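Structure, as structure tokens:
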Amino acid sequence: MRIGFIGLGNMGGFMAQRLVADGHELFVTDLDPKAVAQLTAKGAQAVNDLAQFGHLELDALFTMLPAAQQVKAVYLGEAGLIAHLKGQPCVLVDCSTIDPQSAQTVAQAAQANELIMLDAPVSGGTVGAKQGSLTFMVGGPADTLERVAPLFDQMGKNTVHCGDHGHGQVAKIANNMLLGISMIGVAEAMSLGLRLGMQADKLAHVINHSSGRCWSSEVNNPVPAICPDAPASRDYTGGFASALMHKDLGLALKAAESAQQPVFLGAMAEQIYQFFAQNNDPSLDFSAVIKLYEANNRPTHERPSKPSTTD
């Protein structure tokens, strides 16, 4: 198939590589020339601007972008993808994580221009993107999903049709809210065990074979060396940025407010990641939140008091 791919970051880059490896004719672009070069070295073809995609006779076009602002900029307006691809049989698939309303707005614009579109955010992190084990949460027509299902299968292991346009985003923000909460919980539990003198690998083994087991403990453990492929084992680089987790938690809170649905732990997690991003490198993987539990990073009133020097 002839496929376009826009957004070759930590997630999109690995996803695009799997499509090239499976023999598809891939056309790629990104703001980072190095990311494009990595894909062209594997057989993809570089695209210079959005207008060029309109002349490629694509079967499908994927986008993996940071936020709704970038998604709207790429798809909408006279210079956007929808204008350049109007009336073509190309299936548009946005894998970005954005708010459901924005996803619906873009899908409606596509439909008004005789285009078909899916919102298909993913779960599984950079490890899942690299290994091809992602879960796709898809919103949009079921028959459109059937047309591109083989492509999802080449990049992931699970594809779930969540319902109408925007419902993939509903599933994603609910999932990521839980992910952010669980990572904080794992970081807190591991930090407690380490402070009490237990070896990290043994504590992780117990948790991962007990009722505390979860993806954050088993696949993306925040303690270095527990999971060799996890960002924690490479100084928390190359993962799902803490700033993006904070963004996703903000999306969840916004959606919860509109639905008048309380999210007590989600609100607390959003505050924790906001604090982390403001006081640490926001590009670090969200598992780096464990750094808040290190003695020198905790608020002063939470730090252990110094031992007295007098009897």
Among Gln70, Gly239, Ser123 the positive-end extreme of the charge dipole of the chain (Cβ point charges):
Gly239
To the nearest 10 degrees, how steeply does helix 242-259 sit against the main Cα axis of the chain, on a 0 to 90 scale?
80
Based on the Cβ-Cβ distance of Arg2 and Asp229, what FRET efficiency does E = 1/(1 + (r/R0)^6) give at R0 = 41 Å, to the nearest 0.05?
0.80
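Share of antiparallel DSSP beta bridges in region 69-186, in percent to the nearest 5? Write down the numbers at each step before the final one.
Details: 3 of 13 bridges.
In region 69-186, approximately 25 percent of DSSP beta bridges are antiparallel ones.
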Take the alpha-carbon centre of region 32-108, take the same for region 181-220, and report the distance between them in whole Å.
39
With a sphere of radius 15 Å drawn around the Cβ of Asp22, what net charge do the other residues whose Cβ falls strictly inside it have (Lys, Arg +1; Asp, Glu -1)?
+2
Gaussian network model of the chain, Cα within-10 Å springs - most flexible of Leu65, Leu253, Leu56
Leu56
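Using just the helices of the chain, give the 222 nm mean residue ellipticity in deg cm²/dmol: DSSP H runs with n ≥ 4 each add -39,500 (n - 2.57), and the total is spread over all residues, rounded to 500.
Working: 13 runs with 145 residues, N = 311.
Taken over the chain, the calculation gives -14000 deg cm²/dmol.
Dipole size in debye (nearest 20) for region 2-164 around its Cα centre, Lys and Arg Cβ +1, Asp and Glu Cβ -1? Walk me through the intermediate numbers first.
Values: 9 positive and 16 negative charges, 90 e Å.
Here the size comes out at about 440 debye.
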Between their Cα atoms, which of Lys34/Lys247; Lys86/Lys247; Lys172/Lys202 are more than 29 Å away from each other?
Lys86/Lys247; Lys172/Lys202
Principal semi-axes in Å for region 170-300 [√(5λ), Cα gyration tensor, largest first]
24, 16, 14
Could you list the trypsin sites (Lys or Arg not before Pro) in region 25-80 that lie in coil according to DSSP, counting only those with at most 14 other Cβ atoms within 10 Å of their Cβ?
Lys42
Report relative contact order for region 49-145 in percent, whole number only (criteria: Cα-Cα under 8 Å, sequence separation at least 6).
25
Please return the longest stretch of the chain lacking exposed loop sites, where GluC sites (Glu not before Pro) count only if DSSP places them in a loop and at most 16 other Cβ atoms lie within 10 Å.
115-293
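Taking region 2-164, how much of its Cα-Cα pair set, in percent, is spaced more than 27 angstrom apart? Present the calculation step by step, with values, prior to reporting the outcome.
Values: 1715 of 13203 pairs.
Counting every Cα pair in region 2-164, those more than 27 Å apart make up 13 percent.
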Could you point to the residue in Met268, Ala171, Leu192 farthest towards the positive end of the chain's charge dipole, with +1 and -1 charges on the Cβ of Lys/Arg and Asp/Glu respectively?
Leu192
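Rule-based calculations on the coordinates, nothing more; no lab input. What you are looking at is a predicted structure, and each value in this text was computed from that prediction instead of being measured. Positions of Cβ are generated from backbone atoms using ideal geometry, with glycine treated the same way; all protein chains shown enter the neighbour counts.
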